[in-house]
Amino acid sequence: MSSTPDAGEVASASRLPCVVVPASWRGWSLLVIFLLLVVMGIWPVIGWVNQQSSLWGMPSLIIWSYLIIFACSGAMLLGNRLLPDEEDGAPREDERASHE
C-alpha cells in the first residue's frame, strides 16, 4: 500500500469551496434584497443615520434599527413565499390550490 495520495486526491483537497449562485430571477432578487439589508447595517450608513434628530420622540438611530429589523423579517417572509420548498420536491399547498 502506498501512503502517497494520487493526483485526484491532491487536486480535490486544494480546491476552494463551491459557490452557489441563484438560478432564477426570484433568487437573484432576494440576494439583492439581502445585500441591501447588509449595506443598511454597516458602519458608514449607521454613521450617516446617527444624527441628533428626533422622529416620533425617538432618535433616528432607533428608528433605523427598527426599519432594518422589520425589513429583515419581510425579506425572510418574501423568501419563504417566492422560493419553492425543496425538501420533498412537492409543491406547497398554496401552489397546489392555484394549479387546480
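Tabulated results
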quantity: Residues within the range 68-79 that are without any contact (Cβ under 8 Å) to a residue 12 or more places away in the chain and within 15 Å of residue 31 (Cβ to Cβ), tallied; calculated: 1
quantity: Single match in 6, 94, 85 (criterion: on the phi < 0 side of the Ramachandran plot, modelled with pLDDT under 75 and under 17 Å from the mean Cα position of the chain (by Cα)); calculated: 85
quantity: Residue in the range 54-76 that is touching a helix residue (DSSP H, G or I) at 6+ places or on another chain (Cβ under 9 Å), assigned to a strand (DSSP E or B) and either of a type in the set (S, T, N, Q) or at pLDDT 80 or above (or both) present; calculated: yes
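Residue-by-condition table, conditions (1) closer than 30 Å to residue 84 by Cβ; (2) within 14 Å of the chain's Cα centre (by Cα); (3) surrounded by 13 or more Cβ atoms within 10 Å (Cβ to Cβ); (4) without any contact (Cβ under 8 Å) to a residue 12 or more places away in the chain:
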site: 24; (1), (2), (3), (4): yes, no, no, yes
site: 30; (1), (2), (3), (4): yes, yes, yes, no
site: 36; (1), (2), (3), (4): yes, yes, no, yes
site: 57; (1), (2), (3), (4): no, no, no, yes
site: 64; (1), (2), (3), (4): no, no, yes, no
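The values are calculated or read from the model by the stated rules, or taken from the named source; none is laboratory data. Being a predicted model, the structure only gives us computed values, none of them experimental. Neighbour counts are summed over all protein chains in view; Cβ atoms, including those assigned to glycine, are modelled from backbone coordinates with ideal geometry.
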